[in-house]
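Since the structure comes first, as structure tokens, the remarks are kept for the end.
The values are calculated or read from the model by the stated rules, or taken from the named source; none is laboratory data. What you are looking at is a predicted structure, and each value in this text was computed from that prediction instead of being measured. Neighbour counts are summed over all protein chains in view; Cβ atoms, including those assigned to glycine, are modelled from backbone coordinates with ideal geometry.
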Amino acid sequence: MKNHDIRFLEMRHLRGPNIWTYRPVIEALVDIGTLEDFPSNTLPGFVERLTSLLPSLVEHRCSYGERGGFLRRLAEGTWAAHILEHVTLELQNLAGMPGGFGKARETSQRGVYKVVVRAWHDEVTRSCLQAGRELLLAAIHDTPFDVGATVTRLADLAERKLLGPSTGCIVEAATAKDRRIPAIRLLADGNLVQLGYGAASRRIWTAETDRTSAIAEGISRDKDLTKTLISSCGVPVPAGRLVDSAEDAWVAAEDIGLPVVVKPSDGNHARGVFTNLVARNEIEAAYLAAVEEGSGVIVERYVRGSEHRLLIIGGKLVAAARGETARVVGDGQSTINQLIDLQINSDPRRGAAEEFPLDVIDLADNPVARLEVTRQGFTPDSVPPAGREVLIVRSGNHTDDVTDAVHPETAAIASLAARIVGLDIAGVDLVCEDIAQPLDGQRGAIVEVNAGPGLLMHLKPETGQPRPVGRAIVDQLFPDGADGRIPVIGISGSFGKTTVAQLVARFISLSGKCTGLACSAGLFVDRRCIEKGDSANWRAAQRVLMNRSVEAAVLENGSTTILAEGLAYDRCQIGVVTNVEPAAHFGPYDIQTPEQVFTVLRTQVDLVLPKGSAVLNAGFPMLVEMAGLCDGKVVFFAADADLPLLAAHRASGQTVVFVRDAQVIVAIGDEETPIVGLLDVPLTQGGQIAWQVDNVLAATGTAWALGLAPEVIRTGLETFTAA
């Protein structure tokens with residue numbers, strides 16, 4: 001048994017829809033070697049060891065569709081590749097990537113399988129597969145394996161590589177079933193994301209959008225300027241001014257009236273903000289600490305009450321949270337540092353990473369908390385008497401949702417402040433004693449207006465209900481149900497794809513739209529060649545979809561692209577399959593049967609939007625069978641006008657394209673529209689080149705499905721010549 005091994009022969013990142021699923025996956029070619037002769041029920045003690053390492057495998061339903069289904073498969077006997085699939089998925093789940101698609105399928109080579117798992121991130125999922133192999137072999141060989149350390153390592157990697165919680169909640173809201181706005185991550189390890197395609201797209205970067213003004217962001221960073229602007233419009237702010245020294249800070253405090261707040265003029269995340277200061281030594285010490293956090297220091301009136309964060313999106317209050325007060329209670333034995341770790345930092349919601357809603361408190365790195373402790377007569381190493389309460393943070397993380405309690409006048413004032421600064425998304429910080437009452441009666445005030453506010457506090461509040469802040473941002477970017485889509489035309493098949501793609505791009509350009517074309521002849525935008533050579537691939541298609549001048553995208557997708565990379569788009573308006581010759585696809589990627597070819601080419605049809613169309617060659621039974629998989633309409637084309645399928649299809653009110661008397665004709669029911677005579681189409685040499693006639697019909701059907709005028713189609717065909 002010690003000789004058993006599992007080897008990865010190859011790993012492919014299918015970055016878009018593929019033959020397995022609509023989502024990105026890693027497809028691993030796995031050789032299980034001698035384990036092909038040893039299913040799980042023949043390995044003594046293996047099942048018990050595996051389930052003791054990963055007890056949560058009991059939640060995997062597998063083919064039985066019930067809790068414990070996978071354990072049942074283990075007991076009955078299943079193969080190592082299938083087990084690797086489930087172990088990898090569970091490691092991803094434990095590392096913070098729940099759910100996901102998985103498959104394990106035999107190849108034509110004995111003992112070699114394709115193991116497919118949902119890829120939240122290429123590097124992360126590859127690491128999970130490698131860790132899954134190591135865990136599986138440890139269970140087989142009865143050797144130690146540290147699951148906890150492995151999950152921690154994978155979770156740390158995921159935290160570094162996956163979208164942060166603020167960006168993630170926006171993307172999740174955009175791609176939800178009721179919106180289906182496509183998303184493209186523009187930085188592999190960053191939070192810059194494009195929502196939508198081409199000219200209809202928008203961009204986000206955490207809680208900032210392409211509508212977030214650079215001027216507004218600059219204003220928000222300058223706290224004194226922000227106060228000046230919003231107070232001039234009647235927004236209540238605490239009196240205060242910039243100071244240039246510790247002595248000047250004390251002078252300002254005397255002028256304003258004690259107590260005061262000392263804070264950086266351009267800081268963020270409440271770093272260096274000292275509140276409720278009354279003594280000169282405190283104010284001067286606070287100045288020295290605050291000046292390290294920014295380029296200047298402000299002294300302003302201390303406003304009594306709790307700090308609140310109001311999230312304003314598109315001029316409307318979407319969420320509000322109240323800040324916490326952190327305290328410890330002495331036990332007569334522990335130092336304040338120890339009490340903080342025992343009573344505050346032990347909270348599982350606290351952590352240094354962005355995914356944690358609460359921050360870890362460390363007096364060594366927090367001069368504000370350190371001063372608070374000093375003001376009460378303690379040091380970090382002091383042991384307070386049993387029962388003595390020590391304030392650590394006067395106003396820290398915003399933990400309690402108070403959205404429903406915000407007084408309408410206060411919400412309106414916060415919205416006004418955001419508009420004055422010019423922010424489309426703003427975190428407005430205000431201090432008051434009762435958020436349910438107007439600010440005026442309690443001398444409440446707005447103290448800051450922040451760009452790029454964190455959203456986690458509203459997604460995971462300590463008390464109260466989470467707020468759909470991601471959805472609010474999406475609705476602002478894409479109002480009235482807009483989906484961020486441009487017409488995307490995907491073209492697949494065995495032959496003729498490039499010509500059809502060029503024809504369709506020609507038609508759309510003639511209609512006046514800036515058209516992106518990625519095909520075997522190159523990459524083109526608005527008929528200008530951007531890149532020569534074969535561009536019928538994922539990378540080139542992504543470049544088209546990322547180009548914000550492109551109003552329509554025509555993308556050629558051969559079977560190799562689908563099998564090796566996945567498609568670059570989630571859905572398309574038009575999906576074309578020109579023809580099919582199964583033998584032309586045999587060989588690479590273990591494709592050996594017509595049924596497998598069907599699975600590859602149907603991917604293009606599967607992606608057609610409900611309001612879109614599949615354009616299919618009626619002369620091929622395999623393609624006729626694909627018609628039933630289309631969520632939208634179907635346009636059939638064939639040179640033979642008498643093909644029974646065409647007659648039945650047009651009789652049902654559907655569109656067909658055919659040739660009669662050397663004329664290209666589009667027909668729907670009893671209505672026929674002549675498009676062009678083949679004698680006037682140079683590409684077909686007067687109709688003599690049969691396969692070019694098919695290409696013309698496919699392109700014509702596509703243009704018709706796009707709603708292009710017959711005159712545009714005719715002009716395009718009469719003036720197009722093959723390169």
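Here the condition is being small (Gly, Ala, Ser), over 28 Å from the mean Cα position of the chain (by Cα) and within 29 Å of THR228 (Cα to Cα); of ALA426, ALA386, ALA412, it holds for ALA412 alone.
Can you tell me which residue is modelled with the lowest pLDDT among those in the stretch 296-338 that are of a type in the set (Lys, Arg) and either touching a strand residue (DSSP E or B) at 6+ places or on another chain (Cβ under 9 Å) or buried (at least 23 other Cβ atoms within 10 Å of the Cβ) (or both)?
Just the residues of the stretch 296-338 that are of a type in the set (Lys, Arg), to begin with: 301, 304, 309, 316, 322, 327.
Those still in the list that are either touching a strand residue (DSSP E or B) at 6+ places or on another chain (Cβ under 9 Å) or buried (at least 23 other Cβ atoms within 10 Å of the Cβ) (or both) too: 301, 304, 309, 322, 327.
On the way: ARG301: 94, ARG304: 91, ARG309: 96, ARG322: 94, ARG327: 84.
Ranking the candidates gives ARG327 first.
Listed by position, the helices (runs of 4 or more DSSP H) enclosed by the stretch 392-499 that each have at least 3 residues that are over 22 Å from TRP205 (Cβ atoms) are 408-421. Only residues that are without any contact (Cβ under 8 Å) to a residue 60 or more places away in the chain and either among the polar types (S, T, N, Q) or in a loop (DSSP other than H, G, I, E, B) (or both) were counted across the stretch 596-618, and they come to 2.
Against the condition of a type outside the set (D, E, K, R), farther than 26 Å from GLY198 by Cα and free of Cβ contacts under 8 Å to residues at least 60 places away in the same chain, how does ALA445 come out, does it pass?
On the way: of a type outside the set (D, E, K, R): yes; farther than 26 Å from GLY198 by Cα: yes; free of Cβ contacts under 8 Å to residues at least 60 places away in the same chain: no.
The answer is no for ALA445.
Of the strands (runs of 3 or more DSSP E) lying entirely inside the stretch 253-370, those containing at least 3 residues that are touching a His at 6+ places or on another chain (Cβ under 7 Å) span 316-323. The criterion of being surrounded by 16 or more Cβ atoms within 10 Å (Cβ to Cβ), among the polar types (S, T, N, Q) and within 19 Å of LEU129 (Cβ to Cβ) does not hold for THR167. Scanning the stretch 496-510 for residues that are closer than 14 Å to ASN557 by Cβ and either of a type in the set (D, E, K, R) or touching a residue at least 60 places away in the same chain (Cβ under 8 Å) (or both) turns up GLY496, LYS497, VAL500, VAL504. If you go through the stretch 488-509 one residue at a time, do you hit one that is among the charged types (D, E, K, R) and surrounded by fewer than 22 Cβ atoms within 10 Å (Cβ to Cβ)? So far as the stretch 488-509 goes, no, none of its residues is among the charged types (D, E, K, R) and surrounded by fewer than 22 Cβ atoms within 10 Å (Cβ to Cβ).
If you go through the stretch 539-581 and keep only what is touching a residue at least 40 places away in the same chain (Cβ under 8 Å) and in a helix (DSSP H, G or I), you end up with GLN542, VAL544, LEU545, MET546, SER559, ILE562, LEU563, ALA564.
Restricted to the stretch 58-106, and to residues there that are β-branched (Val, Ile, Thr) and touching a residue at least 40 places away in the same chain (Cβ under 8 Å), the residue that is farthest from THR150 (Cα to Cα) is ILE83. Restricting to the stretch 78-119, name every residue that is farther than 15 Å from TRP20 by Cα and part of a loop (DSSP other than H, G, I, E, B). Within the stretch 78-119, THR78, TRP79, ALA95, GLY96, MET97, PRO98, GLY99, SER108, GLN109, ARG110, GLY111 meet the criteria. Scanning the stretch 446-466 for residues that are buried (at least 21 other Cβ atoms within 10 Å of the Cβ) and charged (D, E, K, R) yields one hit, GLU448. From the list VAL273, VAL235, VAL278, VAL251, the lone residue that is at pLDDT 90 or above, buried (at least 21 other Cβ atoms within 10 Å of the Cβ) and at negative phi is VAL235.
Go through the stretch 685-716 and give me each residue that's farther than 14 Å from THR673 by Cβ and in a helix (DSSP H, G or I). Even if it seems obvious, please write down each step before you answer.
Applying the first criterion (farther than 14 Å from THR673 by Cβ) to the stretch 685-716 yields 685-696, 698-699, 702, 706, 715-716.
Passing the criteria: ALA690, TRP691, GLN692, VAL693, ASP694, ASN695, VAL696, ALA698, ALA699, THR702, THR715, GLY716.
Considering every residue within the stretch 53-74, establish whether at least one is at positive phi, part of a helix (DSSP H, G or I) and not assigned by TED's automatic domain parsing to the domain that holds ASP590. Yes: one or more hits.
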